[in-house]
Amino acid sequence: MPYMPTHLQPAKDHIGPQKAAPGRRGRRKGVSIKPGTVKQARLEAGLSLGQVARDDISRTAIYFVETGKAKPSMETLTLIAQRTGRPIEFFLEPAPPAERPVSTAEVERLVAVGDNAGAVLAGEAILPRVKSPETEAHLNFLLSTAHLRLAHPVVGRRLAVEARAYFERRGDLAMVAECLGNEASAAYLVDDPAAVSIVEGALSTVRTMQPVPRQLEYRLLAILGHAHLAKQDYARAIAAYHDAVEAADVVQDLYKTSLLYAGMSSAYSELGQFAQAGHYARRALTIHETLNDRLSLARSENSLGLLLLHGGDAGAALPHLERSLLLFDEVGVETGKAHVLLSLAELALARHDLSKATNFAEAGLALAEKLGERATAGEAHIWLANIAQASGDEAAVDAEFSMAIEALEEQGGAWLARCHALYADVLESRGDLAGANAHLRRALRQARPAAVAEPAARTATA
C-alpha cells in the first residue's frame, strides 16, 4: 500500500557527531542540559535505558547523556522528555539573566523556516509565562503545527483542539478552520476515519467567509485529498487535489506543492493510471531533493517504488524502497515507516521470496500495532494472508484474513470492502462458493454507502 503524503518535516535523532546529510554542512550542536536530570527523569518514570531509547536512539547514547559524556540533540531531548513525561525545560540549563526571552513571533519564525524541533523547544519554554488567553491559543496552534511536522500526531491534535476552543469562543472562523485542518492531519496520520469529516467541516466554515481565504482553502483541500487517500478513496482524493490546484494560484510554497504532487501520484497509481502517477511522483521527488526534505523524500521514494513495482519493474522499484527505509531510519521517525516495510514485503512476494516477505510483513505489523495504526495493521494481515496463500497454508490464510477484518472494522468503507473482496477471491479459488458469496456481499455493503454519497460529497468539495 502506498504511503500517503503529509505535511511533516524531517527530524533527526542523534547524539554527537554523525555524517552530515547531503546538502548540509557541519555538525549539529548538542543542547546543554542540567547534570543528572535525564537519569532522574528516567528513574522516576520507572524506565530502563532501553525503554527510553526504544528503536530510534541507542542505549549507549542515553547512557552518555546521563553521565555527561555527550550532549543530546534537540530532537533527542524532545523524545526523552516525551518518554519520561517531563517538560523540556526540566532538563535545560537556565538562560543567563541578561538573555532576551523568546517571543511568540520567534516561535512563528522557527515554524516558518522549518525548524520544528526548535519551535517546540522555544514554545514550551515560554508557554508557562504567557498570561493572555489569545497568545496562549496562538502558541498552542504553532506548537500543534510543529509537532505534526515532527510526526507527533497525538500531541499535535491535543494542542489544536485546545487552541480551537478559544477561537470558537472568539468567533475567529479562519483560526477555527486552521485548527480543524491540524486536527484532520493528525487524524489521518493515526488512521482515524474521522479525518475526512473534520476537514470537510473546516472547508464549510471557510466557504462561509467573504471573501474566501484562498490560501487556507488550498491547504484544507490538500488535507482533504490526503485524508481520502488514506481511506483508499482514490477518485475523491484526485478530485480534492485538482480542486486544490485550482485554488493554488496564490500559493508559492514549493514544499506544499511537492506534497500535493506526491498525493496525486499515489492516487493515480492506485487507479492504474501509471503515466500520470509517474509524472507527479517525479515532480514531487525533484522538489523534495531541492529542499533537502528528508522525511517527505522518504515517503515519495516509497510511492515511486510502488509505482514501478505495480508497473511490473521490481528491479527498478527495489532501490527506491530501500532508500525510503534508510531515510526513515536517518530522520528517526516511526510514523509511516510500516508502510515502507509492507511495500518491501509486497516486492519480496512478487519475487517469490516468501521468507523475506514474511519478515517484512511481520515487522510492519509489529510497528503498526505499536503506534496504534489500525488500518496499516489490517493491511499487514492481508499481506501475511497473501504470503500464506502462496505457501499453501489455508489455515494461516483464514486466520490472517480474520485478523485483518477485525482490524479494519472501525475503518469501514473502502478498506473493509477491499479486504472482504480479496478474501472472496481466495475462497472462490478453493471452491467455497458459499463463503465467497458471503464475503462478496459484505464487500458490496461496505462499498455501497460511498457510491450513494458521491454526488453530495463532490458538491461539498467543488
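Data for the structure
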read-out	value
Residue among A363, A345 that alone is in contact (Cβ under 8 Å) with a residue 12 or more places away in the chain, under 21 Å from the mean Cα position of the chain (by Cα), surrounded by fewer than 20 Cβ atoms within 10 Å (Cβ to Cβ) and under 22 Å from W415 (Cβ atoms)	A363
Exclusive hit being at pLDDT below 75, surrounded by fewer than 24 Cβ atoms within 10 Å (Cβ to Cβ) and in a helix (DSSP H, G or I), set H279, H242	H279
Any hit, the range 130-150, residues being in a loop (DSSP other than H, G, I, E, B) and within 30 Å of A414 (Cβ to Cβ)	yes
Test: residue in the range 394-408 that is of a type in the set (S, T, N, Q) and buried (at least 16 other Cβ atoms within 10 Å of the Cβ)	no
Filter result (closer than 15 Å to D192 by Cβ, of a type in the set (G, A, S) and in a helix (DSSP H, G or I)) within the range 396-413	A407, G413
Criterion: at pLDDT 85 or above, acidic (D, E), in contact with a Leu (Cβ under 9 Å, 6 or more places away or on another chain) and closer than 30 Å to G372 by Cβ - qualifying residue of E183, E168, E200, E217	E200
Among the residues listed as A363, A388, A417, the single one being of a type in the set (G, A, S), within 20 Å of Y234 (Cβ to Cβ) and part of a helix (DSSP H, G or I)	A417
Among (1) surrounded by 21 or more Cβ atoms within 10 Å (Cβ to Cβ); (2) β-branched (V, I, T); (3) at pLDDT below 85, the one test that T104 misses	(1)
Any hit, the range 308-328, residues being part of a loop (DSSP other than H, G, I, E, B), buried (at least 24 other Cβ atoms within 10 Å of the Cβ) and either in contact with a Phe, Trp or Tyr (Cβ under 9 Å, 6 or more places away or on another chain) or touching a residue at least 12 places away in the same chain (Cβ under 8 Å) (or both)	no
Only listed residue being modelled with pLDDT of 85 or more and closer than 26 Å to L127 by Cα, chosen from I88, I80, I62	I80
Among the candidates V155, V251, residue that is over 21 Å from Q411 (Cβ atoms) and either crowded, with 23+ Cβ neighbours inside 10 Å or at pLDDT 85 or above (or both)	V155
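Residues are listed down the side, and each one gets a yes or a no for (1) at pLDDT 85 or above; (2) under 28 Å from the mean Cα position of the chain (by Cα):
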| residue | (1), (2) |
| --- | --- |
| K12 | no, yes |
| G26 | no, no |
| A41 | yes, no |
| A53 | yes, yes |
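The values are calculated or read from the model by the stated rules, or taken from the named source; none is laboratory data. Treat the numbers as computed from the prediction; the structure is a model and nothing was measured. Reconstructed Cβ throughout: ideal geometry from the backbone, glycine too, with neighbour counts over all protein chains shown.
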